[in-house]
1. On the first, second and third principal axes, largest extent first, how far apart are the outermost C-alpha atoms of region 257-413 in Å?
2. List the residues of region 392-410 whose backbone N lies under 16 Å from a point placed 7 Å from the Cα of Ala365 along the Cα-to-Cβ direction.
3. Take the Cβ-Cβ distance between Arg273 and Leu158 as r, set R0 to 60 Å, and report the resulting FRET efficiency rounded to the nearest 0.05.
4. Length gain on complete extension for the stretch Glu177 to Asp379, per 0.36 nm per residue less the alpha carbon to alpha carbon distance?
5. Packing-wise, with mean Cβ within 10 Å as the measure, how do 286-295, 136-145, 255-264 rank, highest first?
6. Pairs Lys49/Lys131; Lys16/Lys49; Lys64/Lys187: which exceed 20 Å Cα-Cα?
7. Using only Cα atoms, figure out Rg for region 16-60 and give it as a multiple of 2.2 N^0.38 Å.
8. Please check which bits of region 8-40 a label hung off Asp63 would reach, taking the label as a point 7 Å along Cα-to-C-beta and the cut-off as backbone N under 20 Å.
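Derivation of every value follows stated rules applied to the coordinates shown; laboratory data play no part. Predicted, not measured: the structure shown is a model, and the values here were computed from it. Glycine gets a Cβ as well: all are built from the backbone with ideal geometry, and neighbour counts include every protein chain shown.
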Amino acid sequence: MSATAVLGCAWGDEAKAKIVDVLAREHDMVIRFQGGNNAGHTIWLKGQKYVFHLVPAGILYPDKICALASGVVVDPFFLIEEIANLESMGIRFSNRFFIDPRVNLVLPLHRELDAKSEAVTGREAVGTTRKGIGPCYSDLVARVGIRLEDAFHENYLLRRLNDLYSHHNLEFTGQNELVRDLLAVAKKLKPFVKQVPYLIHSSSQKKILFEGAQGSLLDIYYGTYPFVTSSHTSAGGIFTGSGISPFLVDHIWGVFKSYYTRVGNGPFPTELRDRVGDRIRERGREYGSTTGRPRRCGWFDAVAARYTCMINGINEIALTLLDVLSGFPRIMICTKYKINGKLTEEFPSHVNDLQAAEAIYEELAGWQEEISGITDYQDLPGAARNYINFLEETLQIKIGIISVGPDRVQTIFRTGFK
Ligand code: GDP
Ligand code: IMO
Ligand code: MG
């Protein structure tokens, strides 16, 4: 068995799905290990757009096995709809899509709690996707969560729901509709249920691809806390979230956009609140795949990138949306921060220090040519190659894949495969 991972290394939306899509061909299984339907993973294939929220992006290949491992939180009503939508587009799920029985369920209560906590006056909102992700993970850790398999045992489910509601000081009686709906949705999901650790370890010949959601700067420990999501988005999440040994993952791809974006609140040292930022947003169509919110845009932040490569042990980088940078007279890369008058190359652990960080830039020449039709590295304009060399030099990691457009074919491979 061998396993590869694709991890977002910034604040999400790095075009992980596009990279999963190009790598999936060489793998047998694609597995999500954390997050929920806060994710929005877009793939363009032959002019058709697909946006995946819970279902792994590998499902587009008819012969791949796809799974949601125990670290994922699943809104069962949403998942049923997502499956139905994709089935109506001709995608087959039976016998190749699996859900671990341990996944915690995101309930309507979690969505309500998410909205409520975002609306607390006097507290700066996180800017969540309002899908109930934070409250669901909180209940999981508080040991009052509802797991998918609980819904296969009616009496046990009733007891657990009772406990959950009393944990939140809420009355459970009268929630008959919820119980009925949960039992019904669980019945529909039952054919897909399989213990993912056994699925993973069932054949030594399998090549597994782990599909990360969100990005390392949104990690519950290592991200820009408290402006983060509630799961382990960095490499450690793969092992706790899916039941595989760290020794079995042999290659970790870090996905970075050629610039940075962020949806939601929180510090963003290289943010461009000017026409350059607007131009990046328009060229990159930077509007959230899950919420439609405009994404905040800024230059590549190599201080943050060195940090996320370090905590994940990134072996190789996939650099995406390089085509968006065509037409800028100059391209900036942040290589240091100045915090309270002091220069540093260290990513600060406290949100206030990051908020105070002034980005110190290196300036490179831009290029004018459109590059979205290029598939050979040598055909890129010299200034674009120079930008890539600069990033490799500053991060000390090879950039093996360069994406120059949303489609599978708009990809430049610099590694051995094609
Ligand atoms: P993910 O959440 O990391 O999978 O990324 P999203 O799907 O949320 O956002 C990435 C967006 O960029 C999607 O709309 C993709 O179709 C698009 N995209 C992916 N790669 C490229 C690229 O190289 N160039 C351009 N212009 N768009 C891209
Ligand atoms: P993909 O997988 C970008 C952000 C939200 C908010 C914070 C917490 O498509 O990259 P949450 O709803 O998770 O409690 O919100 O995290 N966020 C994302 N930003 N891409 C995502 O997923 C995100 N999932 C959550 O905007 O700032
Ligand atoms: Mg996304």
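1. 44, 34, 29
2. none
3. For R0 = 60 Å, the calculated efficiency reads 0.70.
4. 66.7 nm
5. Working: 286-295: 16.2, 136-145: 18.0, 255-264: 25.4.
For the peptides 286-295, 136-145, 255-264, the packing ranking is 255-264, 136-145, 286-295.
6. Exceeds cut-off: Lys49/Lys131; Lys64/Lys187.
7. 1.09
8. Within reach of a label on Asp63, which here means backbone N under 20 Å from a point 7 Å along Cα→Cβ, region 8-40 contributes 20-31.
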